[in-house]
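Comments concern the structure below.
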Amino acid sequence: MAFGVVAASLSRAPSIVTTRGCYVTRASLPNKSLKFSKEYNWKHNSRSIFERGSTITTCEKHDEKKYLMNVTQSHEAEPHSQTILKSIVHALDAFRKFSRFYAFIAMVVGSLSTSLLAVDNLTELYPTFFNGFLQCMAAYFFMHLYIVGINQLADLEIDKINKPYLPLASGNYSFRTAVITVTSFLFTGFGIAWMIGSKPLLWTIFASFVLMSAYSVNLPLLRWKKSTILTVMGNTLSMVISFNLGPFYHMKTHVLKKAATFPRSLLFAVVVMSMYYIVIALTKDIPDIEGDKEAGLQTLAVRLGPKTVFWSSVLLLEMAYGAAIIIGASSPFLWSKIFVVLSHAIMALFVWYRSTLVDLSNKDSLQAFYMLIFKLFSVENILMLFVR
């Protein structure tokens with residue numbers, strides 16, 4: 001009875017659905033007796049489960065071919081311009097990580113602030129001033145790329161631990177390509193300074209090249225980063241020359257065609273900002289203790305520990321604000337006296353509050369504080385314009 005119902009169903013069905021959604025039409029079944037149909041159905045189902053017969057295989061091939069066509073069409077559907085755009089974005093992102101733009105922005109802010117100190121009255125802010133400043137920044141930009149590049153070349157193995165996201169450490173840039181690129185940056189920076197014809201700018205570029213090469217390059221009597229004293233001295237002196245003295249005398253003597261002087265505002269910039277530069281030189285090693293230990297670098301953070309170096313840096317910042325308050329209070333101009341004293345008192349309180357929130361056991365927290373110093377540095381360069 002059951003076989004009869006099944007046979008009747010088969011005889012009425014227009015098609016039989018097999019696995020994977022494939023159909024075998026009734027016409028494809030042998031037009032024999034009902035017994036043969038039942039036998040064929042049983043064998044066909046058995047083969048579809050255990051042997052995966054020719055009908056299923058044909059369907060599978062059809063599905064596979066259809067899938068491959070869809071994949072090919074999806075790849076062809078993506079415009080070639082999008083592929084190029086993605087490559088450009090990837091290259092720009094790698095260059096951004098390589099160039100450490102946050103440090104260059106700090107250089108631009110510091111140099112502009114010091115350049116404005118060379119201006120005696122607002123009538124001197126004509127296009128010649130800005131052209132001279134842009135010329136200075138063009139030479140500075142390529143020298144900055146050389147400095148960060150030579151440091152990454154020298155610290156390649158260390159960066160694989162401390163900063164694996166950098167292009168050299170991650171393998172996005174090959175060592176040979178980086179060497180050629182960094183060398184070209186060096187000659188371009190010197191070439192621009194030479195064409196401008198500014199002696200203060202040329203000497204600034206040369207001093208930065210010597211000091212920062214000695215800091216990074218692992219050669220006899222060099223690799224100053226192995227010594228805490230040489231590290232602090234080299235970085236601080238390089239930044240004082242590049243951020244303060246160089247831009248001021250370039251604008252004063254070469255652009256504005258005036259005699260070289262050393263005004264009170266420049267003294268403030270050198271004294272207060274030098275403490276900032278020392279703090280930057282000290283705190284930049286705190287998040288990198290792990291890699292420095294592996295490389296055998298006895299930085300102050302490795303020797304004394306992050307806690308001691310961190311709070312010493314905070315104390316230096318507070319001393320910088322104290323010096324600014326003293327210099328501001330001695331100003332003969334009441335408006336300058338009030339503004340400089342009040343603003344630096346607020347800054348001192350903010351730094352102390354922010355330092356209490358830092359988790360000294362967390363690398364990201366220490367790195368965030370290090371980046372905060374650059375923001376405070378930019379604010380300080382604005383505030384020193386009001387010192388008179």
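The values are calculated or read from the model by the stated rules, or taken from the named source; none is laboratory data. Bear in mind that the values here come from a model prediction, so they are computed numbers and not experimental data. Cβ atoms come from the backbone with ideal geometry, glycine included; neighbour counts cover every protein chain shown. Heads up: the accessible areas ignore ligands, DNA and RNA and are worked out on the full protein's heavy atoms, side chains in. Shrake-Rupley method; radii C 1.70, N 1.55, O 1.52, S 1.80 Å.
Suppose all protein chains stay in the model; what accessible area per residue would a 1.4 Å probe give for region 273-370, in Å²? Walk me through the intermediate numbers first.
Numbers: 4770 Å² over 98 residues.
Counting only protein heavy atoms, the per-residue value for region 273-370 is 49 Å².
Output needed: percent of Cα pairs per 5 Å distance bin for region 243-388, bins running from 0 to the one holding the longest distance.
2, 9, 17, 18, 15, 13, 10, 7, 5, 2, 0
In whole percent, how big is the carbon plus sulfur part of the accessible area of region 174-318, probe 1.4 Å, protein atoms only?
Ligands and nucleic acids excluded, carbon and sulfur reach 71 percent.
Applying 1/(1 + (r/R0)^6) with R0 = 41 Å to the Cβ-Cβ distance of Ile326 and Phe374, what FRET efficiency is obtained, to the nearest 0.05?
Taking R0 as 41 Å, the efficiency between Ile326 and Phe374 is 0.95.
Could you give me the percent of Cα pairs per 5 Å distance bin for region 232-303, shortest bin first, beginning at zero and ending with the bin that holds the maximum distance?
3, 15, 19, 17, 13, 10, 8, 6, 5, 3, 0
Can you list the HN-Hα couplings for region 255-272, worked out from phi with the Karplus curve (6.51, -1.76, 1.60; θ = phi - 60°), rounded to whole Hz and with x for Gly and Pro?
For region 255-272, the Karplus curve yields 8, 8, 6, 10, 6, 6, 10, 10, x, 4, 5, 5, 4, 4, 4, 5, 5, 5 Hz.
With an 8 Å Cα cut-off and a minimum separation of 6 or more residues, compute the relative contact order for region 250-388 in percent.
Relative contact order here is 28 percent.
Return the sequence-ordered ³J(HN,Hα) values of region 318-333 in whole Hz as given by the Karplus equation 6.51 cos²θ - 1.76 cosθ + 1.60 applied to θ = phi - 60°, using x for Gly and Pro.
Result, ordered by residue: 5, 5, 4, 5, x, 5, 5, 5, 5, 5, x, 5, 8, 5, x, 9 Hz.
Let me spell out the model: positive unit charges on the Cβ of Lys and Arg, negative unit charges on the Cβ of Asp and Glu, origin at the Cα centre of region 195-299. What dipole size does that give, in debye rounded to 20?
Computed about the Cα centre, the dipole is about 620 debye.
HN-Hα J couplings of region 309-314 from phi, Karplus 6.51/-1.76/1.60, θ = phi - 60°, integer Hz, Gly and Pro as x?
Computed from phi, the couplings for region 309-314 are 5, 4, 6, 5, 5, 4 Hz.
What is the extension gain from Ser87 to Phe130, computed as 0.36 nm multiplied by their sequence separation minus the C-alpha to C-alpha distance, in nm to one decimal?
The span from Ser87 to Phe130 would gain 12.0 nm if fully extended.
Given q = 0.19, 0.24 Å⁻¹, what are the Debye log10 I(q)/I(0) values for region 85-196, with equal point scatterers placed on the Cα positions and solvent ignored?
Values returned for q = 0.19, 0.24 Å⁻¹ are -1.01, -1.31.
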